[in-house]
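Q: Take this structure first; my questions come after.
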Amino acid sequence: MIVANWKMYKTQAESLEFLQAFIPQVKTTAPEREIVLCAPFTALGIMFKNLNGSQVRLGAQNVHWADTGAYTGEIAGSMLVEIGVNYVMLGHCECRQWLCETDEIVNLRLKAAQRHGLTPILCVGETKKQRDAGETEKVLINQLRQALVDVDRSNLVIAYEAIWAIGTGHTCEPSQANQVIGLIREQLDNKDIPILYGGSVKTNNIDEIMTQSEIDGVMVGGASLDPINFARIVNYK
């Protein structure tokens with residue numbers, strides 16, 4: 001599974017321009033490779049109408065825990081389903097940092113996504129301060145335990161974000177990522193849950209990342225904004 005996280009980038013016009021360049025690059029991609037574009041809410045509807053039968057799936061970057069209500073600025077699961085969304089990313093480190101998302105809130109969002117037939121991508125990860133303090137295992141276990149209460153483990157993706165390696169100049173070696181993802185898998189009853197790695201995934205390290213035994217895919221930030229670069233990542237060797 002190769003997931004693009006566009007964050008707060010790309011207008012509708014820019015998203016269509018991306019698809020026009022990207023879709024021809026993945027026409028011969030192996031069908032077992034799931035390609036997911038997590039785009040801004042405003043672009044999702046028009047992108048769905050222009051996927052042209054490709055194997056690209058759409059993901060949103062959040063969903064509210066209520067089906068309707070007085071929640072200004074939020075979005076409901078039914079709204080996402082209506083415009084062709086399949087996946088929704090939840091618990092991203094930026095939402096935790098800037099929007100005060102707690103594990104309890106992430107749990108509510110996860111259950112709401114599943115209630116609407118969406119597949120949630122749960123993001124977990126430790127900061128540099130936590131890593132330097134030797135708290136990686138403790139942090140990840142706590143995040144998983146609190147976020148996965150009453151969550152259907154058969155309809156779930158987990159993404160390990162090496163927060164300390166995102167935009168810091170530090171590098172998470174593929175073997176390190178593999179070790180941490182193995183630790184995450186040990187906490188799960190369902191060992192078949194896809195677990196992705198996210199943290200400075202680029203064209204020059206994707207091949208090595210995907211040789212790792214525990215890594216089922218990647219979540220890509222900046223490198224996913226360029227259609228040719230992202231196609232190279234999707235078509236890793």
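The values are calculated or read from the model by the stated rules, or taken from the named source; none is laboratory data. For clarity, every value in this text was computed on a predicted model and none was experimentally measured. No Cβ is skipped: glycine too gets one built from the backbone with ideal geometry, and neighbour counts run over all protein chains shown.
Q: Inside the stretch 112-130, can you point out the residues that are assigned to a helix (DSSP H, G or I) and either acidic (Asp, Glu) or under 10 Å from Val63 (Cα atoms) (or both)?
A: Ala112, Ala113
Q: Something else about it: Please enumerate the residues belonging to the stretch 1-32 that are out of contact with any Phe, Trp or Tyr (no Cβ under 9 Å at 6 or more places or on another chain) and among the basic types (Lys, Arg).
A: Passing the criteria: Lys7, Lys27.
Q: I'd like to check something: does the stretch 63-83 contain any residue that is assigned to a helix (DSSP H, G or I), touching a residue at least 60 places away in the same chain (Cβ under 8 Å) and either polar (S, T, N, Q) or surrounded by 15 or more Cβ atoms within 10 Å (Cβ to Cβ) (or both)?
A: no
Q: Still on this structure, I have one more. If we keep just the residues of the stretch 128-147 that are surrounded by 19 or more Cβ atoms within 10 Å (Cβ to Cβ) and among the polar types (S, T, N, Q), which is nearest to Met1 (Cα to Cα)?
A: Gln143
Q: If you don't mind, there's one more thing I want to ask. Could we say that Val88 is at pLDDT 95 or above, buried (at least 23 other Cβ atoms within 10 Å of the Cβ) and outside any helix (DSSP H, G or I) here?
A: Numbers: at pLDDT 95 or above: yes; buried (at least 23 other Cβ atoms within 10 Å of the Cβ): yes; outside any helix (DSSP H, G or I): yes.
Yes: the conditions hold for Val88.
Q: Right, something else. For the structure I just gave you, tell me whether Ala147 is farther than 19 Å from Leu80 by Cα, in contact with a Cys (Cβ under 6 Å, 6 or more places away or on another chain), in contact (Cβ under 8 Å) with a residue 24 or more places away in the chain and not charged (D, E, K, R).
A: no
Q: Only residues that are of a type outside the set (D, E, K, R), at pLDDT 95 or above and either at positive phi or part of a helix (DSSP H, G or I) (or both): list them for the stretch 100-111, please. I'd like the intermediate steps shown before the answer.
A: Step one: of the stretch 100-111, the residues of a type outside the set (D, E, K, R) are 100, 102, 105-108, 110.
Still in the list and also at pLDDT 95 or above: 102, 105-108, 110.
Hits for the stretch 100-111 are Ile105, Val106, Asn107, Leu108, Leu110.
Q: Checking the condition among the acidic types (Asp, Glu), buried (at least 16 other Cβ atoms within 10 Å of the Cβ), closer than 18 Å to Leu118 by Cβ and within 14 Å of the chain's Cα centre (by Cα), which residue from Glu34, Glu94 passes?
A: Working: Glu94 fails: closer than 18 Å to Leu118 by Cβ.
Among Glu34, Glu94, only Glu34 is among the acidic types (Asp, Glu), buried (at least 16 other Cβ atoms within 10 Å of the Cβ), closer than 18 Å to Leu118 by Cβ and within 14 Å of the chain's Cα centre (by Cα).
Q: Being out of contact with any Lys or Arg (no Cβ under 6 Å at 6 or more places or on another chain) and β-branched (Val, Ile, Thr) is the filter; apply it to the stretch 42-74 and report the residue that is farthest from Ala30 (Cα to Cα).
A: The extreme case among them is Thr72.
Q: Name the single residue that is nearest to Leu122 (Cα to Cα) among those in the stretch 21-51 being part of a helix (DSSP H, G or I) and either aliphatic (A, V, I, L, M) or without any contact (Cβ under 8 Å) to a residue 12 or more places away in the chain (or both).
A: Only one residue tops the list, namely Leu44.
Q: Also: Run down Asn142, Asn190, Asn204, Asn178 and say which single residue is more than 24 Å from Leu58 (Cα to Cα) and without any contact (Cβ under 8 Å) to a residue 12 or more places away in the chain.
A: Asn204
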